[in-house]
DNA sequence: GTCTATAAGGGGATAGAC
DNA sequence: GTCTATCCCCTTATAGAC
């Protein structure tokens, strides 16, 4: 009797790997550790993800999907107002930063761990940064200010600073300040 | 005939290691690679640095010394004006960011690579972040504003964002914008 | 005495085989 | 699941060159 493949196995393995990669770093976590934590056999993991690079790519793809969904939700609530959209985007990131499990931006962290690589995970990470930056540029342009370029650069500085505020003395306060900061810039 | 120990050997090894660690990441660079690049024997390196952790600690200590010296120089030119000092500090970082070899803040990069560690290198990195943040807090307090806390948080966001601007579309422009941004905040 | 070169120990990594 | 192959890691030890 052939056993039926358990549904959701791939997702369970990926969720475990994602938590470990994000918390401890991609390089620090070995495949054996993922297998142990997921409580699955080796073949099962390598069946779904033929190599560690594939698993890492899936981890980053999933992080991107989740982030995009949250961003869409935040943007939806902001309606057509580009200023409100920029504030909503910042607030969405601030919400992530306030979580206990926050340990920086998964994509920036990956690029810090593998600065020279140009494989699938690196391309996913770089594309994410490019796309979100473009999103900020777009929204800022729609504000119709004379100093569009300067303003976009400033908002981007705040967003990057917000993502980096892992070691800030008061992370939650930093998140609040960042949102208020962007609010003042767009109003 | 006893050969005299070559002077500057430690410094040469350390400079090689520092360049590699900073450019490619601490985890990605092995001791063998450092030995190869330094063109020395294995025993010589291990004589000066008994373990990789010692070498990494020396790398971060040296980075800190260099950074402190540059910061002192920048602060000296600013005189007693705390606003000018904050701008000078930002400009000093902006200068680093503009260099071709810039690949982020060595201390933040290390903490991203080893988030769970609490050894000598990690303590050096965390102490640096704590000290520079305290420096910003101090200077901001001396501005005598009513919103000292908020202002310090904002400047810190900009500084963190500036350090993170490795992948910005135009790094040099981002650096310029950051300095102008802080200028406006303190004036 | 000082350094290089080489070998080897002990561990852990990815990945494949059964 | 277990077992193995292969590789690279940090580190120590040994042997030889100047």
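For the condition assigned to a helix (DSSP H, G or I) and more than 7 Å from chain B (Cβ to nearest Cβ), what is the one hit in A:133, A:127, A:154? Spell out the reasoning first.
Numbers: A:133 fails: more than 7 Å from chain B (Cβ to nearest Cβ); A:154 fails: more than 7 Å from chain B (Cβ to nearest Cβ).
Unique residue meeting the criteria: A:127.
In this structure, does residue B:18 turn out to be away from DNA strand C (no atom under 16 Å from the Cβ) and either in the same structural domain as residue B:155 (by TED's automatic domain parsing) or in contact with a strand residue (DSSP E or B) (Cβ under 6 Å, 6 or more places away or on another chain) (or both)?
Numbers: away from DNA strand C (no atom under 16 Å from the Cβ): yes; either in the same structural domain as residue B:155 (by TED's automatic domain parsing) or in contact with a strand residue (DSSP E or B) (Cβ under 6 Å, 6 or more places away or on another chain) (or both): no.
No: the conditions fail for residue B:18.
Here are some residues: B:139, B:143. Which one is touching a residue at least 40 places away in the same chain (Cβ under 8 Å), part of a loop (DSSP other than H, G, I, E, B) and either over 19 Å from residue A:164 (Cβ atoms) or within 14 Å of chain A (Cβ to nearest Cβ) (or both)?
Numbers: B:139 fails: part of a loop (DSSP other than H, G, I, E, B).
Only one candidate qualifies: B:143.
With the checklist (1) part of a helix (DSSP H, G or I); (2) within 16 Å of the chain's Cα centre (by Cα) in hand, flag the one item residue B:165 doesn't pass.
Here residue B:165 clears every test but (1).
Quick check on my filter: what residues within region B:42-66 are more than 9 Å from DNA strand D (Cβ to nearest atom) and either exposed (fewer than 14 other Cβ atoms within 10 Å of the Cβ) or in a loop (DSSP other than H, G, I, E, B) (or both)? Write out each step before concluding.
As a first pass, look at region B:42-66 and keep what is more than 9 Å from DNA strand D (Cβ to nearest atom): B:44, B:47-48, B:56-66.
The answer is B:65, B:66.
Among all residue pairs at least 6 apart or on different chains, which show Cβ distances below 8 Å where the first residue, located in region B:47-60, is within 14 Å of chain A (Cβ to nearest Cβ) and the second is near DNA strand D (Cβ under 8 Å from one of its atoms) and not in a helix (DSSP H, G or I)?
That search, which allows pairs on different chains as well, returns nothing.
Please work out if residue B:26 is assigned to a loop (DSSP other than H, G, I, E, B) and either within 16 Å of DNA strand C (Cβ to nearest atom) or in contact with a helix residue (DSSP H, G or I) (Cβ under 6 Å, 6 or more places away or on another chain) (or both).
Working: assigned to a loop (DSSP other than H, G, I, E, B): yes; either within 16 Å of DNA strand C (Cβ to nearest atom) or in contact with a helix residue (DSSP H, G or I) (Cβ under 6 Å, 6 or more places away or on another chain) (or both): yes.
When the stated conditions are applied, residue B:26 passes them.
Which condition number does residue A:113 fail, the rest of (1) in the same structural domain as residue A:161 (by TED's automatic domain parsing); (2) within 16 Å of DNA strand D (Cβ to nearest atom); (3) surrounded by fewer than 15 Cβ atoms within 10 Å (Cβ to Cβ) being met?
Here residue A:113 meets the rest and fails (3).
Any residue at all in region B:108-123 that is closer than 27 Å to residue A:177 by Cα and away from chain A (no Cβ under 14 Å)?
Within region B:108-123, not a single residue is closer than 27 Å to residue A:177 by Cα and away from chain A (no Cβ under 14 Å).
Given the conditions (1) within 28 Å of residue A:22 (Cβ to Cβ); (2) within 14 Å of another protein chain (Cβ to nearest Cβ); (3) part of a helix (DSSP H, G or I), which single one is not true for residue B:102?
The one condition residue B:102 does not meet is (3).
Considering only residues that are more than 13 Å from chain A (Cβ to nearest Cβ), surrounded by fewer than 18 Cβ atoms within 10 Å (Cβ to Cβ) and within 11 Å of DNA strand D (Cβ to nearest atom), which ones fall in region B:18-41?
Result: B:31, B:32, B:36, B:41.
Of the residues that sit in region A:164-187 and are under 12 Å from residue A:93 (Cβ atoms) and facing chain B (nearest Cβ under 7 Å), which one is modelled with the lowest pLDDT?
A:165
The values are calculated or read from the model by the stated rules, or taken from the named source; none is laboratory data. These figures come from a predicted structure and were not determined experimentally. Don't worry about glycine lacking a Cβ; one is built from the backbone with ideal geometry, like all the others, and counts go over all protein chains shown.
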